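What follows is one structure encoded as structure tokens, with my remarks underneath.
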Amino acid sequence: MKIATITVNPAIDQTVSVDNFQTGTVNRSRAMRFDAGGKGVNVASFLADYGLDVVVTGFLGEENADVFERHFARKGIEDRFVRVPGETRVNIKIMDEENQITTDLNTPGQIPGEYAVSRFYEQVEAMSEACECFVISGNLQAGLPSTFYADLIRLLKSKKRMVVLDTSGDALAEAVKAGPNIIKPNIHELSLLVGKPLAEIADAYSSAISLINEETTIVVISMGSGGALFVEKDNAFIARPPAVAVKSTVGAGDAMVAGLVAGLSKKLSLKDCARLATAFSLSAVTRLGRDLPKSSVIDEFQKQVEITPL
């Protein structure tokens, strides 16, 4: 199965490692790295490492596109990004391994013009001929309407393509109306979507099941160290990871999406998809960067995932 990921607001992630980070004073960093990022880019990276055929699109600033181009070449990812004038944004991740805390400083993205949006839709149309599954990830930048993903989903559904959605806010509220096949909010994003706090698992389950219909058949709710809730019409369970030393939380949700899609590409049951998705997520939090470890490590992580039916 060929898979496409869509990242309309990618970023270069500048990760700075600082033990015992403190505000309002001088901190000494231990290391710094730059990674091609953005949620859909991260998903594509994990999928490519797993051996799947992946193509990416969205909008890239032409002035610093080389960071992404090198990354895609190294991973064997097909690049269909539309270049726009200027630079892709840089997001700063301050990673305190000592206290297992990551502080994000995210910047706004480039606003694509009408021509770039038109070219983007041309790319999506062309990609839909070969790609069976589309993963739409990340927030919309200012300048794009909140219905942007909803319109995109309707286009892809008209072509009988599977759509996996991972976004938040107004973009999520509009997009769920268009019937994506799979939705993966985190617990906070789901709470905002349904307009009420979700303090208990039962609350999260009832909110998730309310989103299930003929078009949206799977809802996955990530809950950080508490694991993730996987819900389909007549089946629901929690996948809980083992306790591990967290190196970085950057990309953990994207890894979960990638693992879920990888499992579906292998026609695994939702329960086995949950094991694989959680293993992918564990691999992200226990290492830096957007690289999957070797398959034996993923297999070992899967064995350690605890599945509890609801």
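No lab work stands behind these numbers, since they all come straight from the coordinates. Note that the structure is predicted; figures quoted are calculated from it, not measured. Note that each Cβ is placed from the backbone with ideal geometry, even for glycine, and that neighbours are counted across all protein chains shown.
With neighbour counts taken as other beta-carbon atoms within 10 Å, the residues Ser283, Ser137 rank, fewest first, as Ser283, Ser137. For the chain, the fraction of C-alpha pairs more than 31 angstrom apart is 26%.
Looking at region 153-249 alone, DSSP beta bridges between its own residues are antiparallel in about 65 percent of cases. Taking a ≥ b ≥ c as the square roots of the eigenvalues of the alpha-carbon gyration tensor, region 165-209 is classed prolate because a/c is 1.5 or more and a/b outweighs b/c.
As a ratio to 2.2 N^0.38 Å, the alpha-carbon radius of gyration for region 58-136 is 1.36.
With neighbour counts taken as other beta-carbon atoms within 10 Å, the residues Val26, Val16 rank, fewest first, as Val26, Val16.
Would you work out the Kirkwood radius for region 214-294? I mean one over the mean of 1/r across all pairs of different Cα atoms, in Å.
Hydrodynamic radius (Kirkwood, Cα pairs) of region 214-294 is 12.8 Å.
Taking amide H as placed 1.01 Å from N in the peptide plane, the amide H of Val135 sits under 5 Å from that of Ala4, Thr5, Ile6, Val164, each at least 5 places away or on another chain. Roughly what % of DSSP beta bridges within the chain run antiparallel, to the nearest 5? Beta bridges within the chain, antiparallel portion: roughly 45 percent. A simple spin-label model places pseudo-atoms 7 Å from Cα toward Cβ; at Lys159 and Ser295 they are separated by 3.0 nm. Projected label points at Glu98 and Met1, each 7 Å from Cα along the beta carbon direction, are separated by 4.5 nanometres.
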